[in-house]
Amino acid sequence: MFTGRKLALTLAFTVLVALAIGVGCHGFFVDPVLTAISVGPTGQNLQQGDTLQMSARGTYDTQNPQNITGQVLWSSDNLAVATVAKGGLVTGVSAPGTANISATLDTLTGSASVSVVLTGVTAITITPQTATVAPGASREFTCAATVTGQTKPVDITASVTWTLSDTSSNVNITSEVSPAVLSVATGTSPETVTLTATYTVGTTVFTNTATITIS
């Protein structure tokens with residue numbers, strides 16, 4: 001009788017231990033909590049047209065920092081300057097300019113700045129160099145830079161400053177988009193207008209002109 005009772009108590013104790021272990025595994029060991037995200041490299045200069053791989057590291061409350069580059073949602077606050085693809089690959093779109101590249105997971109965000117530059121510029125060219133535009137019509141223009149070490153000209157249409165020799169409201173150039181668009185108001189008298197593109201790299205200023213006949 002005593003032996004059976006002892007056996008029952010032993011079995012009960014074994015069951016309680018097993019239950020305690022089960023509760024401990026599920027009740028006391030919780031998933032680590034993400035507390036911060038860091039993005040790098042930061043403060044990098046990126047040549048227009050080139051790419052830069054960004055990485056994201058997550059800091060947790062119960063474990064060492066982890067690489068979470070492939071888990072975060074990547075974004076750029078200035079798509080006209082730089083874009084970022086899934087996985088953190090940044091592409092320099094237009095120079096000069098700066099974009100903040102952000103990585104977001106859950107409710108946390110980390111970011112790093114990237115400056116897009118264009119070095120090695122030797123000249124700029126407007127296309128077309130000459131054009132005839134009728135009153136009430138418009139014409140597209142682009143500007144490209146000749147860059148040392150690159151076989152093809154680099155489009156800098158959105159980065160240059162456009163000016164016209166005719167400063168009246170009859171002729172206007174918009175540069176918010178690429179290509180730039182020159183618009184001529186209806187009823188404008190025949191004239192010749194000079195379109196100038198100016199691009200500044202550091203202390204060096206590059207200019208080029210195109211001749212437009214309004215007729």
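The values are calculated or read from the model by the stated rules, or taken from the named source; none is laboratory data. The structure displayed is predicted, hence computed values, not measured ones. As a convention, Cβ positions derive from the backbone with ideal geometry for all residues, glycine included, and neighbour counts pool all protein chains shown.
The figures follow:
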quantity: Those strands (runs of 3 or more DSSP E) lying entirely in segment 110-150 with at least 2 residues in contact with a Lys or Arg (Cβ under 6 Å, 6 or more places away or on another chain); calculated: 130-133
quantity: Ser168 vs. criteria assigned by TED's automatic domain parsing to the domain that holds Gln71 and either of a type in the set (Lys, Arg) or surrounded by fewer than 19 Cβ atoms within 10 Å (Cβ to Cβ) (or both); calculated: no
quantity: Selection count, segment 88-109, where residues are out of contact with any Leu (no Cβ under 8 Å at 6 or more places or on another chain) and either in the same structural domain as Val154 (by TED's automatic domain parsing) or assigned to a loop (DSSP other than H, G, I, E, B) (or both); calculated: 3
quantity: Count of segment 159-185 residues which are closer than 17 Å to Cys143 by Cβ and out of contact with any strand residue (DSSP E or B) (no Cβ under 8 Å at 6 or more places or on another chain); calculated: 2
quantity: Check on Thr188, out of contact with any strand residue (DSSP E or B) (no Cβ under 8 Å at 6 or more places or on another chain), modelled with pLDDT under 90 and at negative phi; calculated: no
quantity: Hits in segment 145-203 (condition: of a type outside the set (S, T, N, Q) and free of Cβ contacts under 8 Å to residues at least 24 places away in the same chain); calculated: Lys152, Asp155, Glu176, Val177, Gly202
quantity: Segment 97-114: number of residues that are modelled with pLDDT under 95 and touching a Ser or Thr at 6+ places or on another chain (Cβ under 7 Å); calculated: 1
quantity: Of the criteria (1) in contact with a strand residue (DSSP E or B) (Cβ under 6 Å, 6 or more places away or on another chain); (2) crowded, with 16+ Cβ neighbours inside 10 Å; (3) not β-branched (Val, Ile, Thr), which one Ser138 fails; calculated: (2)
quantity: Answer from Ile68, Ile21 - the residue that is modelled with pLDDT of 95 or more and at negative phi; calculated: Ile68
quantity: Yes/no for Leu46 being among the hydrophobic types (A, V, I, L, M, F, W, C) and more than 26 Å from Phe206 (Cα to Cα); calculated: no
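Residue-wise test of (1) without any contact (Cβ under 8 Å) to a residue 12 or more places away in the chain; (2) assigned to a strand (DSSP E or B); (3) under 30 Å from Gly58 (Cβ atoms); (4) not basic (Lys, Arg).
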| residue | (1), (2), (3), (4) |
| --- | --- |
| Gln71 | no, no, yes, yes |
| Trp74 | no, yes, yes, yes |
| Ala80 | no, no, yes, yes |
| Lys86 | no, no, yes, no |
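Residue-wise test of (1) over 21 Å from Val93 (Cα atoms); (2) acidic (Asp, Glu).
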site	(1), (2)
Thr151	no, no
Asp166	yes, yes
Pro179	no, no
Gly187	yes, no
Phe206	no, no
Ile214	yes, no
